[in-house]
Amino acid sequence: MRGIGKVSLIGAGPGDPDLLTVKALKRIQNAEVVVYDRLVSQEIMDLVPPKTALYPVGKKPKSHPIPQEEINQLLVDLAKEGKHVVRLKGGDPFIFGRGSEEAAELVIAGVDYEVVPGITAAQGCASSLNLPLTHRGLATGLRYVTGHCQKDVPLDLDWASLADPNTTLVIYMGLAAIAEISTKLVEHGMPADMPAVAISKGTTSEEQKVFGTLTTIGEQAKAAKLPAPTLFMIGDVVGLKDSLELPSYSGSEAKWGDRPHLEVING
């Protein structure tokens, strides 16, 4: 008889398969079962061995066909069958991924587990746009904020704290609530012309982006019909996009001396 198996809670990153960690790839290729979310890209799912059992448990906004409690129990049951289970999530499993809820259930059930971190959407999307999340003289802090509450209850965030102009805000799952979020931030002191960007399906071949300001980004994202997942970055660092954008070169035309100058701000 097989003993109790193990569960690997793995972050698949923002979508680009090249951004998977080596450890994540090893676990995926050795898994007997993969329980995966909707936001895991097809390119990453293609790395799963053909004979591996697959369990899709993805959620959509206002559509949770498999409740979280059932997902928790599924992981426990599969592990107790003696299987090596990979729980594959977009981004990082412990950043708005409910990985800690699943881990808590595994502990209660006496199931061994590990956490394999992934590049979270904020890092992946920012890097895809060549934007920093922090920068001396512009952003002394960074906040990851959910734009969607459990069971669709109204947002109840510390707006005064979030409106700090020296902090970069990254809004996850905020496509439906970005207008409300922008209004609240302005009401609590964030400049209305604060640079902002909306990034849909960042790091993938379907990436779309819209640049604007705090008060315009909601309507711009709506007009562009950006599909989920869409992430919002708000802060002065977004205003660096022109300074950090390389010119378009072809072949040997690119020379180090031709690169744009980036002013270094002391402080």
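Just to verify a result, which residue in the range 1-41, among those that are hydroxyl-bearing (Ser, Thr, Tyr) and open to solvent by less than 40 Å² (accessible area, probe 1.4 Å), is nearest to Gln68 (Cα to Cα)? My answer is Ser8. What are the residues in the range 101-160 that are in a loop (DSSP other than H, G, I, E, B), in contact with a strand residue (DSSP E or B) (Cβ under 9 Å, 6 or more places away or on another chain), in contact (Cβ under 8 Å) with a residue 40 or more places away in the chain and not small (Gly, Ala, Ser), if any? Result: Val111, Pro117, Ile119, Thr120, Leu129, Leu131, Pro132, Leu133, Thr134, Leu138, His148. Each residue in the range 209-231 was checked for being within 15 Å of the chain's Cα centre (by Cα) and polar (S, T, N, Q), and 1 of them qualify.
Selection of the range 42-84 for residues being open to solvent by less than 20 Å² (accessible area, probe 1.4 Å) and of a type in the set (Gly, Ala, Ser) yields Ala79, Gly82. Pairing residues of the range 31-53 that are assigned to a loop (DSSP other than H, G, I, E, B) with residues that are of a type in the set (S, T, N, Q), at Cβ distances under 8 Å and at least 6 apart in sequence or on separate chains, gives Ala31/Ser8; Ala31/Thr52; Glu32/Thr52; Ser41/Thr204; Leu47/Gln29; Val48/Gln29; Pro49/Gln29. Residues in the range 163-194 that are open to solvent by less than 20 Å² (accessible area, probe 1.4 Å) and under 19 Å from the mean Cα position of the chain (by Cα): Thr167, Thr168, Leu169, Val170, Ile171, Gly174, Ala177, Ile178, Ile181. Here the condition is being under 15 Å from Val197 (Cα atoms) and out of contact with any Cys (no Cβ under 7 Å at 6 or more places or on another chain); of Leu131, Leu138, Leu106, Leu142, it holds for Leu131 alone. Residue count for the range 205-230 satisfying the condition of being in a strand (DSSP E or B) and open to solvent by 60 Å² or more (accessible area, probe 1.4 Å): 3.
If you filter the range 91-125 down to residues that are of a type in the set (Ser, Thr, Tyr) and within 20 Å of the chain's Cα centre (by Cα), you find that the one that is least open to solvent (accessible area, probe 1.4 Å) is Thr120.
Each row is one residue, and each column tells you yes or no for (1) at positive phi; (2) at pLDDT 95 or above.
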site	(1), (2)
Arg2	no, no
Val7	no, yes
Ala24	no, yes
Leu39	no, no
Lys62	yes, no
Gln73	no, yes
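The values are calculated or read from the model by the stated rules, or taken from the named source; none is laboratory data. No experiment lies behind these values; they were computed from the predicted model shown. Here the Cβ is made from the backbone with ideal geometry for all residues, glycine too, and neighbour counts use every protein chain on show. To get the accessible areas, we keep the full protein, side chains included, count just its heavy atoms, and leave off ligands, DNA and RNA. Shrake-Rupley method; radii C 1.70, N 1.55, O 1.52, S 1.80 Å.
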